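Each remark here refers to the structure printed beneath this line.
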Amino acid sequence: MKKLINGVETVLTESLDGFVAAHADIVTLGDEYKFVRRAALKTGKVALISGGGSGHEPLHAGFVGLGMLDAACPGQVFTSPTPDQMLAAAEAVDTGAGVLYIVKNYEGDIMNFEMAAEMASGDVKTVVTDDDVAVEKSTYSTGRRGVAGTLVVEKIVGAAAEKGHDLASLQALGKRVNDRTRSMGVALTSCIVPAAGNPTFSIGDDEMEMGVGIHGEPGRRRVKLAQADEIAAEMTHAVLEELGLKAGSPCLLFVNGFGGTPLMELYLMVNSVRKILAGKGIIVARSLTGSYVTSLEMAGCSITITALDDEITALWDAPVHTAALRW
């Protein structure tokens, strides 16, 4: 294992120290490394909090800031944060309008966020993301996994929260965006969790894992490596089958890298997917490309498509200023 670390036990804390130092104008660190929060809170705004295991950077701390999250709780690598982290984050950023938890659909995350919500003294609601079309249930999840579509939910709901929407309407909006968003991924290599020191799974040089999860969980099947157009076609058709988009429908296309894939290849995949969508008369009205929901150094990518309407499009276009997203 070759990694830029000082020791397995300090990977997370040292990384968080570097993150908040690099983006001190945007974020600050909570006590005992329990959470990262916005440096400047907005009084009277519903507070948005997300989190999960580390190793998926910039998710979630990279999306803390104007137009997105108010706080993010980082767990150890691929391990859910604890309820006390989430409770501490809520107490730190709730300015009186309540708290909305945005939670990826994994058993540890669901259980711990639910416990934190029960312990909270203020008004707390939850949105669960489950955009992965590859599997109905895995070892980690209680149903479909929450993957890269989580970013879309955080961006749209974050923009609405910035505009002053109340807690109930933000929860409803988050559920609606999640319902209109679907994703699927493919892995070309495994990743190596620092504490394990070995690849999470073994895969041949001529193989790929179709439908992989963001922790390296198995997908639909292990298959031989194919050309990009063929890979894009399988994932795109699986996503479109769920969304049921018709010709003339506008969508957001988000091609996400898993950490070990160069942008050149991600943009090549964008080209492949856009050709498929154009052939079906589906309009790519908005686009995002880059490694935003990663799996350490895994090579591969995911395709996320969100069915747009006027409200969601306007909220996507709203200003955002975080470490990872700015416009």
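Each pair of Cα atoms in region 181-313 enters the Kirkwood radius, and Stokes-Einstein at 10 °C and 1.306 mPa s then converts it into a translational diffusion coefficient of 106 µm²/s. Dipole size of region 181-313 about its Cα centre, with +1 on Lys/Arg Cβ and -1 on Asp/Glu Cβ: approximately 220 debye, rounded to the nearest 20.
Report the net charge of residues surrounding I305, where surrounding means a beta-carbon distance below 12 angstrom and charges are Lys +1, Arg +1, Asp -1, Glu -1. With Lys, Arg at +1 and Asp, Glu at -1, the net is +2. For region 2-59, trypsin sites (Lys or Arg not before Pro) meeting the loop criterion (DSSP other than H, G, I, E, B) and having at most 14 other Cβ atoms within 10 Å: K2, K3. At q = 0.09 Å⁻¹, what base-10 log of I(q)/I(0) does the Debye formula yield for the chain when every alpha carbon is treated as an equal point scatterer in vacuo? So the normalised log intensities work out to -0.42. Distant-in-sequence amide contacts of V27, defined by a placed amide H-H separation under 5 Å and a gap of 5 or more residues or a different chain, comprise A39.
Scanning residues 5 or more positions from G143 or on other chains, those with amide H under 5 Å from its amide H are S138, with H placed 1.01 Å from N in the peptide plane.
Charges were assigned to the Cβ only: +1 to each Lys and Arg, -1 to each Asp and Glu. The resulting dipole of the chain about its Cα centre is roughly 740 debye. Above 19 Å lies some portion of the pair distances; for region 38-146, what is it as a whole percent of all C-alpha pairs? Looking at region 38-146, the distances longer than 19 Å represent 40 percent of pairs.
For K224, a cut-off of 15 angstrom between C-alpha atoms picks up these aspartates and glutamates, skipping any fewer than 8 places away in its own chain: D205, D206, E207, E209, E234. Extent along the principal axes, Cα only, for region 144-186: 38, 15, 13 Å, with the longest axis given first.
Could you size up the charge dipole of region 25-157 around its Cα centre, putting +1 on the beta carbon of Lys and Arg and -1 on that of Asp and Glu, and report it in debye to the nearest 20? Each step should come with its number before you reach the end.
Working: 11 positive and 18 negative charges, 65 e Å.
Dipole about the Cα centre, nearest 20: 320 debye.
Between the amide H of Y292 and those of G257, distances stay under 5 Å, these residues lying 5 or more places away or on another chain, with hydrogens modeled in the peptide plane.
Values in this text are rule-based calculations from the coordinates and carry no lab data. In this text, all values refer to a predicted model and were calculated from it rather than measured experimentally. No Cβ is skipped: glycine too gets one built from the backbone with ideal geometry, and neighbour counts run over all protein chains shown.
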